[in-house]
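Asks: Can you keep this structure in mind? I'll have questions shortly.
The values are calculated or read from the model by the stated rules, or taken from the named source; none is laboratory data. The model shown is predicted, which means the values in this text are computed figures rather than measured ones. Note that each Cβ is placed from the backbone with ideal geometry, even for glycine, and that neighbours are counted across all protein chains shown.
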Amino acid sequence: MQAALSNVRRRTWRVALLVLALAGATAVWLLATRVFPYHSLNHDEAVYLQQAAMLLDGRLFLTPPVDGAFRPWFFVRDGGHLYPKYAPVPAAVFALGTFLGQPRLALAGVGAANVVLVALVVRELFDRRTGLLAAAFVLCSPLFLVNSAVFLPYAPTAMFNLAFAYCYLRADREQDLRWAAGAGVAVGLAFFARPYTAVLFAAPFVAHALWTLRTDRREVLPRHAVTATLGLLGVATALGYNALVTGSPVTFPYEAFAPHDGLGFGHRQILGHEVEYTPGLAVQSNLLVLAALATTWLAGGLLGTTVAAVGLAVAVNRGLSSRQAIVVGQLFTIVVGNVYFWGNYNILGDLDRVGDGLIATHGPYYHFDLLLPFGAFAAVGALAAFQAVRRTVGPRTSSRTLRATLVAVVVVSAAVLGGATATNLDEQIQRNAVATDTYEAVYEPIENERFDDAVVFLPTPYGDWLNHPFQALRNDPDFDGRVVYAMDERPFAVVDEYPDRSLYRFVYSGRWAPYDGSPRTSRLQQVDHVSGPSVALNATVGVPAGTDSVTATVTTDEASRTYVAASAANPTNIRVHVEDDSVRLAGPAWNARDSIAVGERDAVRLSVFVDRGPGASFSYDFELPVRTNGTTVRAVTPRIERCVAIGECGGEAAYMPNETPDGTFVRTELRTEDDQNS
């Protein structure tokens, strides 16, 4: 009878765990596809997805066909090759989803696996009920949901860490070398994925292993030796990968990218961002991060954190076993260890502004592994509270009243915790949804175009990088897909590499701030490439009624000239004529007879200023890339901006056809001398 009841409970537990796993997979899938269809504000997602595509193609390096035009975000340049600054393990996990036909399948799988592993680990430490409830607390935490729904390394690394924890605890309980081997493989993969994260997670397990060696060395030494050997094999693999890509086993790719972007205090720097990371700044930053974690990013918010704190006190009061002490130790190693890492300062953005930085949309993701101790002790605290209520009302009530009271307590508690969780999660989703709505509007021209052997030149609001910010617009590893994306820095070299492809330029109007709903408009501009003895840009611009004057300024790297139109006519025609070594302005409205020197590699800039008085004036700005070699002039369709404020132009004021009802417009035609004489 007792055995049959035990079997029923075991089956019930497994069914409940399966339900939680399916709930986790479904929640992650819905968030990934509905909230992050174009990826998130953390542009590292594109790095991992590009790396995943490389792994599926059997590559560790990219070899761009044109230097300086195809460098993805966070890729290290090594001669003519590029490699990502991150280890390939998380990308390999994402590649499995791509291999199955949908990359986000990997996210759902990792989410489900982490829910199951939390339950299994906490069951090893406490019991089945506590394990299930711990998994539920983790599943309902915004930190878990948001970071499991994006292509970032924190959830996959946690999966390997949790697998290590479970295998280690099973090996400890059963004295089984197979589980010990599983623990070694898992911790080795975790180290390869994120070394410091794995060390902070595993340190209490190492302490436990050393403790057990004191009591029964002969029995426990073999399994610890197996775990350590296989774990060190993972370390060796990571060092071997370093040697392969950076040339030194002790130089990690992220160090090769930015030597001062690492652990420790003092001068920290990555690209143009730098700070003196003092212990004081480290403590201040981490306190802010932990406050956000406790109040916003855990299930139930501050109430859930309080329940976990009560659970920790209950567990200590009952007497912690050496195994349970492991997760208490993780509270120390993960919290203190992160003080030594300046990334927790970076995710805060401006420390004096609440809701700034990536922590506002992604949470304190460097503390992702704290979800295990939180879930464990929140479950202990919730069950202890339930038992306390039961003991309090039990002796004085009938069994029916007791059951009704307990159900009411459970429902009310779940409602309170769930309400706090739902409020926090809704806030984080809304912040990310604003960015997604912006992405959807910005990407619309590209999604509506049916490309066939095309090159699309992309803007670079954050410097000379691809996929930063345009993560959804990635190249195949061989740079030979149906559409190739390139930076608009070396257009002629790109044209020469892809002479038979259609050319486009993707532009937007407004500052790049998706979290603030900007930009609101974008355009896919068709680009022509012409070549001949001379080239002419014919432009017709709209001049609204009431204009006082129209002036045109032609600028090259060598000189600049300004001309005044004979009259403010609508429309106004302008021709910029480029020969081998000079450029001149022409057209019936312009009395321009001189020319300006032009270099072999130049960008001829034309600014047409429409003077309508203070507050109403604007300019049409054209930037025409040209190349000359003594006999031939080459040009591509100019970048066009319509600027309504001084200093606005420079990439964020792209002209949008039919954007204003006041008679402003631009029409351009790029021709060679031969075309004009025919």
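Asks: If I go through the range 44-70 residue by residue, how many of them are surrounded by fewer than 18 Cβ atoms within 10 Å (Cβ to Cβ) and within 12 Å of Arg474 (Cα to Cα)?
Replies: The qualifying residues number 0.
Asks: Right, another one. Since Gly546 meets every condition but one in (1) outside the structural domain of Arg667 (by TED's automatic domain parsing); (2) surrounded by fewer than 16 Cβ atoms within 10 Å (Cβ to Cβ), which condition does it not meet?
Replies: (1)
Asks: I would also like to ask the following. Filter the range 514-554 for residues that are more than 14 Å from Ile574 (Cβ to Cβ), in contact with a Leu (Cβ under 9 Å, 6 or more places away or on another chain) and assigned to a strand (DSSP E or B) and give the result.
Replies: Gln526, Val527, His529, Val530, Val535
Asks: Cβ contacts < 9 Å: first residue closer than 26 Å to Leu244 by Cβ, restricted to the range 256-277; second residue surrounded by fewer than 18 Cβ atoms within 10 Å (Cβ to Cβ) and charged (D, E, K, R), any location; separation 6+ or different chain. Result?
Replies: As it stands, the answer is Ala256/Asp78; His260/Glu274; Asp261/Glu255; Gly262/Glu255, since those pairs meet every condition given.
Asks: Can you tell me how many residues within the range 72-90 are part of a loop (DSSP other than H, G, I, E, B), closer than 28 Å to Arg505 by Cα and within 17 Å of the chain's Cα centre (by Cα)?
Replies: The number of residues fulfilling the criteria is 2.
Asks: Continuing with the same structure: Just wondering, is there one or more residues in the range 454-476 that are out of contact with any Pro (no Cβ under 8 Å at 6 or more places or on another chain), of a type in the set (D, E, K, R), assigned to a helix (DSSP H, G or I) and closer than 27 Å to Asp621 by Cβ?
Replies: Checked against the condition, which is being out of contact with any Pro (no Cβ under 8 Å at 6 or more places or on another chain), of a type in the set (D, E, K, R), assigned to a helix (DSSP H, G or I) and closer than 27 Å to Asp621 by Cβ, the range 454-476 yields no hits at all.
Asks: Test Ser619 against the criterion of being assigned by TED's automatic domain parsing to the domain that holds Thr551 and either in contact (Cβ under 8 Å) with a residue 60 or more places away in the chain or surrounded by fewer than 18 Cβ atoms within 10 Å (Cβ to Cβ) (or both), and give yes or no.
Replies: Against the criterion (assigned by TED's automatic domain parsing to the domain that holds Thr551 and either in contact (Cβ under 8 Å) with a residue 60 or more places away in the chain or surrounded by fewer than 18 Cβ atoms within 10 Å (Cβ to Cβ) (or both)), Ser619 does not qualify.
Asks: Separate question: Surrounded by fewer than 22 Cβ atoms within 10 Å (Cβ to Cβ) and assigned to a helix (DSSP H, G or I): which single residue out of Ala25, Ala106, Ala95 fits that description?
Replies: Within the list Ala25, Ala106, Ala95, the selection yields Ala25.
Asks: Could I ask something else about it? Checking the conditions here, which among Tyr345, Tyr365 is crowded, with 17+ Cβ neighbours inside 10 Å, touching a Lys or Arg at 6+ places or on another chain (Cβ under 9 Å) and touching a residue at least 24 places away in the same chain (Cβ under 8 Å)?
Replies: Tyr345
Asks: Condition test on Val187, is it out of contact with any strand residue (DSSP E or B) (no Cβ under 8 Å at 6 or more places or on another chain), in the same structural domain as Ala203 (by TED's automatic domain parsing) and over 30 Å from Thr421 (Cβ atoms)? Spell out the reasoning first.
Replies: Values: out of contact with any strand residue (DSSP E or B) (no Cβ under 8 Å at 6 or more places or on another chain): yes; in the same structural domain as Ala203 (by TED's automatic domain parsing): yes; over 30 Å from Thr421 (Cβ atoms): yes.
Yes, satisfied.
Asks: Any idea which of Val316, Val327 is in contact (Cβ under 8 Å) with a residue 24 or more places away in the chain and in a helix (DSSP H, G or I)?
Replies: Numbers: Val316 fails: in contact (Cβ under 8 Å) with a residue 24 or more places away in the chain.
Testing whether each residue is in contact (Cβ under 8 Å) with a residue 24 or more places away in the chain and in a helix (DSSP H, G or I) leaves just Val327.
Asks: Another question about this same structure. Has the range 439-451 got at least one residue that is surrounded by fewer than 21 Cβ atoms within 10 Å (Cβ to Cβ), small (Gly, Ala, Ser), over 21 Å from the mean Cα position of the chain (by Cα) and not assigned by TED's automatic domain parsing to the domain that holds Gly651?
Replies: No: the range 439-451 contains no residue that is surrounded by fewer than 21 Cβ atoms within 10 Å (Cβ to Cβ), small (Gly, Ala, Ser), over 21 Å from the mean Cα position of the chain (by Cα) and not assigned by TED's automatic domain parsing to the domain that holds Gly651.
Asks: Would you pick out the residues in the range 614-653 that are at pLDDT below 90 and among the small types (Gly, Ala, Ser)?
Replies: If the condition is that a residue be at pLDDT below 90 and among the small types (Gly, Ala, Ser), then Gly615, Ala616, Ser617, Gly630, Ala645, Gly647, Gly650, Gly651, Ala653 are the ones that fit.
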